[in-house]
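The values are calculated or read from the model by the stated rules, or taken from the named source; none is laboratory data. For clarity, every value in this text was computed on a predicted model and none was experimentally measured. Cβ atoms come from the backbone with ideal geometry, glycine included; neighbour counts cover every protein chain shown.
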Amino acid sequence: MIAQKQQNNLNKKIQMQNMIIIALAIVIIVLIVVSSTAAWYIRTKSDSTDLILSRPVNIYITEYTTGQGGETIHTVKKDILEDYDNRIYPGDRVKLNLGMVIGSADDPSSNAFVRVKLQMAFSKLGDNGVEEPIAMEDLRDQRLIEYQNEPDGEMWELIDFNDPEGKLEKNADYVPDYWYVLKTKDAYGNDIAREALDGQTFEFVNGFIKLSKTEITNKHANCSFHILYVVEAIQSKNVPDPVKYPGYGPWYNFMYGDVEDVQG
Amino acid sequence: MADEYNQNNNQNNQQRKAIDVTKPRSAPPPQSNIDASRVSAYTLREQQSLEKLKKQVGNLNHKENKASLIKTIVAIILVVLLIILAVVFVIIIGRGSSVEEEVVDMRLSVQIENKSTLSIITETGEEKLREIHPGDRVPLRASVRNSMDIRGDAALEGTEPPAIYVRFKLVLVLGYEERYDIMKPTMHDVWYKYDAETEEKFGTNGMSFDDHYYYLKTALPFTDARELFSAILFDGNVLTCDDGGKYGQIQVHVECIEADINNIISRTFWPTAPQGWVSYMLSEWSGGSVSSSN
């Protein structure tokens, strides 16, 4: 038994020694081969420099209230109307105080152009009363919102991003893409998109909205309605002014081109 | 009575201390009083075979020890050889050339210019990196030269260093990730880049793929320079908010091989080079037009 054990130990030792010798031999052969092959005929040089990318754009939805001193207090919300029963019916009036804030203390933002839209979405109720999920694409052609209190016209420009210059024929198949764009006046009194800066807050709607009775059809029967509030921010640097240059830039899907086309 | 017990006990302790443990103790006398004649012949045979086995194992150990010693010596020789090779490598790399390179004397240098466009001087006089926005076009310029010095080497007497084929790669290292899709260099039409549609015309050779290299469409003679790019566009359609605020490093890697058409046709070098470039170079070579323009 002891002899067997000794024999096993010896075998293990021999195997280990063999492996070490083979490994060393392979390393040496590879080194010799590499050093003697054409790999040596490639010369490589490199140079480098550092950079930093600008901060991203960050925008947050707010609901705002008026404080005792008359100041506006914005509260960042993830779910607007969370304090309401947000299932609404034709004729219902909904009070909204919706706004937005650019950036936050933790995530500051680059300067940005801002556009906003309110949509009324709906989802079918199944036989058992369970709602079917809403696909975002299904919401694009919904014009069910009527503003009883329109957004401030001095501050917001309503633009159809599918037809910025109003040239297209509005047949039954036409689907508009309306957004309110944050704007201001330039030195000559012309409308231009306003550059929203980090930390700034803006009010969008302060008043009532309701379902458009004219847009309600039979296809909306037995549906549950939802309010969809969408805010978008895009860096203002290298992006054409969406109010001054309609049709240019990413928000118009580069219909007429990009910033260099505007400048050209 | 107690005193007598203690005395005995002390004596015993003294006796124990007197035992020399370094010396083997004599074997105790057999406790059995069995007569030796009663030990069977079978037991004797067993004892003999055991002795024989012990001898065999002893011989085997001896042989194995000898073999082990030889192997150890061989291993030591190999390790010494490895160390010598490593030292030679270090010396060669430290000198920046190899024996073969010295024979071929290929020369290459690269430089990124206008690096200052990526930084700004603050009001306090401090230099800091300028933020790059999506869509920014930065006038960074880079060039390559067939010489050891980017400003050019002095003219040589005797054998001139050979012309070279050049390729380069532009990479943005962003948060430990290599990104090739963000930067779009502005360059002249002297560089060939892999294009899947174009490659289809030349048939798949199973080796070419988009290795992110730009291949120079001519050979570069000694002391000639070539612009790699004159500006870099940071593609706003590719950069996302997730990339925003990150530090990055623009790297330009340039490689060259001796301008021998066989080097690229055989694919000994640059096996992933686009077949379109190889075909183009071959047609240029067949036409005998090796450009040497600056």
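Key figures for this structure:
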item: Members of the range A:218-264 that are at the interface with chain B (Cβ under 10 Å from one of its Cβ atoms) and assigned to a helix (DSSP H, G or I); result: A:PRO250, A:VAL259, A:GLU260
item: Selected residue (only one of A:GLU165, A:GLU215, A:GLU169, A:GLU260 is of a type in the set (D, E, K, R) and under 29 Å from A:LYS78 (Cα atoms)); result: A:GLU215
item: Index of the failed condition, B:VAL278 passing every other in (1) more than 32 Å from the chain's Cα centre (by Cα); (2) under 17 Å from B:VAL190 (Cα atoms); result: (1)
item: Count of residues meeting criterion [in contact with a Phe, Trp or Tyr (Cβ under 8 Å, 6 or more places away or on another chain) and among the small types (Gly, Ala, Ser)] in the range B:176-218; result: 1
item: Failed item, numbered, when B:TYR280 is tested on (1) at pLDDT 90 or above; (2) part of a loop (DSSP other than H, G, I, E, B); result: (2)
item: Residue match in the range A:159-173 (condition: crowded, with 16+ Cβ neighbours inside 10 Å and in a strand (DSSP E or B)); result: yes
item: Hits in the range B:120-151 - residues which are surrounded by 16 or more Cβ atoms within 10 Å (Cβ to Cβ) and of a type in the set (Gly, Ala, Ser); result: B:GLY135, B:ALA142, B:SER143, B:SER147
item: Total residues in the range B:218-250, condition in a loop (DSSP other than H, G, I, E, B) and farther than 30 Å from B:ILE132 by Cβ; result: 6
item: In the range B:221-237, residue surrounded by the fewest Cβ atoms within 10 Å (Cβ to Cβ) [restricted to those that are within 25 Å of B:THR272 (Cβ to Cβ) and either within 12 Å of another protein chain (Cβ to nearest Cβ) or hydroxyl-bearing (Ser, Thr, Tyr) (or both)]; result: B:ASP235
item: Yes/no for B:VAL104 being exposed (fewer than 15 other Cβ atoms within 10 Å of the Cβ) and at pLDDT below 85; result: no
